[in-house]
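> Please find one structure pasted underneath; my questions will follow.
The values are calculated or read from the model by the stated rules, or taken from the named source; none is laboratory data. All figures in this text were calculated on a predicted structure; none of them were measured in a lab. No Cβ is skipped: glycine too gets one built from the backbone with ideal geometry, and neighbour counts run over all protein chains shown.
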Protein chains: 2
Amino acid sequence: MKFSFTVTRKDSRTRARAGVLRTPHGKVQTPVFMPVGTMGAVKALSPDDLKAAGAQIILGNAYYLYLRPGDVAIQKLGGLHRFMGWDGPLLTDSGGYQVSSLGSFREDGESILSRIDDDGVTFRSHLDGSEHRLTPEDVIVIQRNLGADIIMAFDEATPPRGKRYAQKAMERTHRWLKRSIERWRELQENRGRGASPQALFGIIQGGNYKDLRRESAEFVVPQDLPGIAIGGASIGKSPDETRENVDWVYDLLVHDRPLYLMGVGVNPQDVVAAIESGADLFDCVAPTRLARMGHLYFGKLQLAKRKWAFESEFRKGRMNIGNARFRLDKKPIQEDCGCYTCIRGFSRAYLHHLFKSRELLYYRLASIHNVRFMIRLTEVLRKVILE
Amino acid sequence: MKFSFTVTRKDSRTRARAGVLRTPHGKVQTPVFMPVGTMGAVKALSPDDLKAAGAQIILGNAYYLYLRPGDVAIQKLGGLHRFMGWDGPLLTDSGGYQVSSLGSFREDGESILSRIDDDGVTFRSHLDGSEHRLTPEDVIVIQRNLGADIIMAFDEATPPRGKRYAQKAMERTHRWLKRSIERWRELQENRGRGASPQALFGIIQGGNYKDLRRESAEFVVPQDLPGIAIGGASIGKSPDETRENVDWVYDLLVHDRPLYLMGVGVNPQDVVAAIESGADLFDCVAPTRLARMGHLYFGKLQLAKRKWAFESEFRKGRMNIGNARFRLDKKPIQEDCGCYTCIRGFSRAYLHHLFKSRELLYYRLASIHNVRFMIRLTEVLRKVILE
């Protein structure tokens, strides 16, 4: 089997664990932070930049790639790996989050741009307004065409519309999961010679409600899929909410499967929380997005009372490089960072200038730093677990 | 002396020549195409990208850097070389072109944003509208603070306002040159220990008028400066105009000095024209600007009737990567290009997708290709001259 997961070591104090995830495109040392390449590129970064930053596995997004350039176009071009020049492990998100959170909502809470029914989602493209319809089965086919190593079941990300709706969305997600699994099994069994196997992960939803989360875990976990994800806005929102949401379902999980916390990693503290909660994989667009907005991570892990905490002289663990205080600052973003931007000696003053001037080079140098920062943090915590 | 120029070989058929320019920051094999880093960065490219593309010498712009972050700030940060992380030869343009072409013009032809008098230029910053005044002497001091290896005299780029004005602007440029030289000599003689010498180039102006061009050459050449530049809109506008403008003054030049054609290199044909006209150095923002607009160079030098010509299946020698025909094109931009983008195997289809999606990665990959293309063209022509 080309896909497997082994837990190498468990932390004695927390639920953190170190392991190895094997995929048809190589091994991943877990826990791992996965940079997000929504539209077929991690914003401002090349695959070589990502390798140099220590990225082991990256994400694509089925919804965006279906709309442009099209999953069939990517298949004709040799699949997403070849298309974007990334030969390592790759995961695609199903786009459930995108279609269920599209655009503005009407007064009755319905989205103007998408309409969800029990069979699937009808939505208008954010690119040209054209109408599209996707079912759970379609999304599995799209992800087969893209060819990622790990694919996600189509889900309805719980919208902020109360518990009654959260339950409805969760139940729909469960029915969709069944259909996703069926289509996935068919495609796996009948896949062409030379086509890589793909691992399907199911997603636990249920919003920020303990009973729904547990109900969802009780449904998703017994499906016996190669991996389990926890999704929804309450995951990754804050370290405490992430910890709490995982706590609610932890006893229901099977621990020989990788646990993927979706959308976690806005701040360094979120990474610590995710790993201590037992996450093996997590992803977030925030490190690159924040970089583009001028927010650069800074700080260190400190061991205090046998507890690892992230400490920084900057609020939220990041400096705002646009601040005038950096105008003449000769130091790199962080002396001991080890990212290309810091090693190469680009000063805060230079980054401040590039940011103020909206120079394209800024976005790359800043994104390299923030991505490497989250990956290094994860590497350090992995080392701590292994020791 | 840390600055020298040697002609290694002259072409038998044209005025093309190969040489070596020595500067305090290293040697430059001429003829050379110089990428432009207006605001302290060649747009979308890092110094390492430029090195990998074969760039030997790059430009900064005194006007932009004076306004932001300020030449004094850059001096405090160790000079422009250190600021931008480029340890090779560096040239700064004086900003004459910028201040004399600022903004819109009133009905009487006067610029609204700048006012030129015999003593200097008063202008409003394009950043915040603040009023500034620069004299030829100021601009020499600014360039001393930036610390480039080659600096340019402050000139009034001939505006498109008829011959009478062209003459007036040229005469002013000549008076400013005298003052620039005086200030430069003072600064060179009194430069601090450890400060690199700087070579000042004078600029021949006179617009698209043969008699004025000759008059300007007769004034500028005898100043006996380390290099001579030819500026103005008629240089670089088209291969024919470039050839004609250089022809007009060629017999008046001293040929042991490097000849710099300012702003040449929009299309590959312009590079051929510049080199065959006798240019040792030339620069242009177009390769990176065109890249950002989706125009990627494609084509080859062909020898026909002992004459080198650039041939391409695309009009103007460049493809428009936004064209739908590239949507499923698996080929690199140009098979035998040798730039990172082409070698790494990024397909036209991928670049098309990134361009359509406005992904930041596009701008870097496209700029690398176009810059490398102009540099490779120059390298090939240099080899032809040496053989």
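> For the stretch A:23-32, state whether one or more residues are outside any strand (DSSP E or B) and more than 23 Å from A:G227 (Cβ to Cβ).
Scanning the stretch A:23-32, I find no residue that is outside any strand (DSSP E or B) and more than 23 Å from A:G227 (Cβ to Cβ), so the answer is no.
> Of the residues B:I368, B:I375, B:I333, B:I385, which is in contact with a Ser or Thr (Cβ under 6 Å, 6 or more places away or on another chain), over 24 Å from A:D71 (Cβ atoms) and in contact (Cβ under 8 Å) with a residue 24 or more places away in the chain?
B:I368
> All but one of (1) touching a strand residue (DSSP E or B) at 6+ places or on another chain (Cβ under 7 Å); (2) within 24 Å of A:G345 (Cα to Cα); (3) of a type outside the set (D, E) hold for B:A52; which doesn't?
B:A52 satisfies every listed condition except (1).
> I've got another one for you. Scanning for something at positive phi and either crowded, with 19+ Cβ neighbours inside 10 Å or not aliphatic (A, V, I, L, M) (or both), does the stretch A:267-275 turn up at least one residue?
For the stretch A:267-275, residues at positive phi and either crowded, with 19+ Cβ neighbours inside 10 Å or not aliphatic (A, V, I, L, M) (or both): absent.
> Restricting the search to the stretch A:271-330, which residues are charged (D, E, K, R), in a loop (DSSP other than H, G, I, E, B) and outside the structural domain of A:T38 (by TED's automatic domain parsing)?
Hits for the stretch A:271-330 are A:K305, A:R306, A:E313, A:R327, A:D329, A:K330.
> Filter the stretch A:135-157 down to the residues that are aliphatic (A, V, I, L, M), touching a Gly at 6+ places or on another chain (Cβ under 9 Å) and modelled with pLDDT of 95 or more, then identify the one that is nearest to B:K356 (Cα to Cα).
The qualifying residue nearest to B:K356 (Cα to Cα) is A:L146.
> Of the conditions (1) touching a residue at least 24 places away in the same chain (Cβ under 8 Å); (2) buried (at least 23 other Cβ atoms within 10 Å of the Cβ); (3) not small (G, A, S), B:Y362 clears all except one; give me its number.
Unmet condition: (1).
> Out of all the residues in the stretch B:55-85, which are small (G, A, S), in a helix (DSSP H, G or I) and more than 13 Å from B:I151 (Cβ to Cβ)?
The one that is small (G, A, S), in a helix (DSSP H, G or I) and more than 13 Å from B:I151 (Cβ to Cβ): B:A73.
> Can I ask one more? What is the one condition in (1) surrounded by fewer than 24 Cβ atoms within 10 Å (Cβ to Cβ); (2) in contact (Cβ under 8 Å) with a residue 12 or more places away in the chain; (3) within 14 Å of chain A (Cβ to nearest Cβ) that B:D48 does not satisfy?
(2)
> Continuing with the same structure: Within the group A:T92, A:T8, A:T30, which residue is polar (S, T, N, Q), at pLDDT 95 or above and within 26 Å of A:I116 (Cα to Cα)?
The unique qualifying residue is A:T92.
> Given (1) away from chain B (no Cβ under 14 Å); (2) closer than 21 Å to A:V36 by Cα; (3) without any contact (Cβ under 8 Å) to a residue 40 or more places away in the chain; (4) not in a helix (DSSP H, G or I), where does A:V99 come up short, assuming only one miss?
(4)
> Could you list, in sequence order, the residues of the stretch A:29-45 that are under 22 Å from A:Y97 (Cβ atoms) and either more than 14 Å from every other protein chain (Cβ to nearest Cβ) or free of Cβ contacts under 8 Å to residues at least 60 places away in the same chain (or both)?
Matches in the stretch A:29-45: A:P31, A:V32, A:F33, A:M34, A:G37, A:M39, A:G40, A:A41.
> If you go through the stretch B:16-24 one residue at a time, do you hit one that is of a type in the set (V, I, T) and within 14 Å of chain A (Cβ to nearest Cβ)?
no
> Among the residues of the stretch A:95-114, count how many are surrounded by 15 or more Cβ atoms within 10 Å (Cβ to Cβ) and at pLDDT below 85.
So the answer is 11.
> Still on this model: Of all residues being facing chain A (nearest Cβ under 10 Å) and of a type in the set (G, A, S) in the stretch B:51-81, which is surrounded by the fewest Cβ atoms within 10 Å (Cβ to Cβ)? Just the residue, please.
Once the filter is applied, the top-ranked residue is B:G78.
> Looking only at the stretch A:331-347, how many residues end up being surrounded by 24 or more Cβ atoms within 10 Å (Cβ to Cβ) and within 11 Å of chain B (Cβ to nearest Cβ)?
Of the residues in the stretch A:331-347, 2 are surrounded by 24 or more Cβ atoms within 10 Å (Cβ to Cβ) and within 11 Å of chain B (Cβ to nearest Cβ).
> Separate question: Any idea which of A:D138, A:D211, A:D224 is crowded, with 17+ Cβ neighbours inside 10 Å and of a type in the set (D, E, K, R)?
A:D138
> Can you confirm whether A:V285 is within 26 Å of A:I230 (Cβ to Cβ), in contact with a Gly (Cβ under 9 Å, 6 or more places away or on another chain), within 14 Å of another protein chain (Cβ to nearest Cβ) and in contact (Cβ under 8 Å) with a residue 40 or more places away in the chain?
yes
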